[in-house]
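Q: This is the structure I have questions about; it appears just below.
The values are calculated or read from the model by the stated rules, or taken from the named source; none is laboratory data. Bear in mind the structure is a predicted one, so any value in this text is a computation, not a measurement. Neighbour counts run over all protein chains shown; Cβ positions are idealised from the backbone, glycine included. Surface areas here come from the heavy atoms of the whole protein model, side chains and all, with no ligands, DNA or RNA. Shrake-Rupley method; radii C 1.70, N 1.55, O 1.52, S 1.80 Å.
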Amino acid sequence: MKLDDIKKLHQKKYRAEFGHFLVEGEHLALELQKAALQNQQLQRAELYVTAAYEHWQSPFRTHLISDRQMAQIADTKTPQGIIAVVPMPSTEQAVAASAASERAFYLHEIQDPGNLGTILRTLAWFGRFRCLLSPGSVDPYNPKVVRASMGAIFHTPLELDVELDGLPQRFPRIACLDMQGEPVQAAGFKAFDCYLFGNEARGVPREQLRALNAQPFTIAGSGAIESLNLAATVNMCAYELSR
């Protein structure tokens, strides 16, 4: 891929057009290499490095570029000198790879890149989870999400643009997080196929929740503040389901 095209991958429309996204930095490059051992598609990634990483041991096709060229394609202000161009998996591939033992976490119109990156990191840590994103959600291949995930984006199955009203066709038992409901510590919390989490500010519209017949659960608190951060809520739920 030409350097001018690589630079365009900072924009969502070009990531969609070229079918690739960027991974920047030594840690993420290592996580990519680790994931590529199990994922043939990731083995088609290509590496762009400066002289500082000229002798980096990698299974990927590697291109040596100048510091100036690296600065042009990097997203960070002071790039380390190593960037990978990685093929994006399709939603069809992600659905086909689903396992019966997995639970799905559905995120409705999540907007914050840091929240999504943290959530992916949590789901990868516990394992046996997949992440479904509604239309209108932040792009998981946004560089800020990729960095916040700390490499978890390579280890968590992702499905994009999953319609909320289509969930019952795949998941007969749906739970949601709500201020009113049974505690997540209840034994019944583990009996569901899909767990629904709403937008950071608006949640999920009530009429849609009723149409889904989603069972509400809550994380009990002191009541001193109005709500929990979305990523923290997902973290606690994933922990409860993994205990």
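Yes or no, residue by residue, for (1) open to solvent by less than 60 Å² (accessible area, probe 1.4 Å); (2) within 22 Å of T122 (Cα to Cα); (3) at pLDDT 95 or above:
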position: L158; (1), (2), (3): yes, yes, no
position: L177; (1), (2), (3): yes, yes, no
position: Q180; (1), (2), (3): no, no, no
position: P183; (1), (2), (3): no, yes, no
position: A187; (1), (2), (3): no, yes, no
position: E207; (1), (2), (3): no, no, no
position: F217; (1), (2), (3): yes, yes, no
position: N229; (1), (2), (3): no, yes, no
position: A232; (1), (2), (3): yes, yes, no
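Matching residues to (1) at pLDDT 85 or above; (2) over 26 Å from I174 (Cβ atoms):
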position: A84; (1), (2): yes, yes
position: S90; (1), (2): no, no
position: A96; (1), (2): no, no
position: A100; (1), (2): no, no
position: F105; (1), (2): yes, no
position: I110; (1), (2): yes, no
position: G117; (1), (2): yes, no
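Q: Please determine, by comparing only the residues of region 17-26 that are surrounded by 14 or more Cβ atoms within 10 Å (Cβ to Cβ) and within 17 Å of the chain's Cα centre (by Cα), which one is farthest from D161 (Cα to Cα).
A: E24
Q: When region 224-235 is examined, which residues are found to be assigned to a helix (DSSP H, G or I) and either over 17 Å from the mean Cα position of the chain (by Cα) or among the polar types (S, T, N, Q) (or both)?
A: Across region 224-235, the qualifying residues are T233, N235.
Q: Next question, about the same structure. Mind checking which residues of region 46-90 are open to solvent by 40 Å² or more (accessible area, probe 1.4 Å), in contact (Cβ under 8 Å) with a residue 40 or more places away in the chain and part of a helix (DSSP H, G or I)?
A: Within region 46-90, Q69, Q72 qualify.
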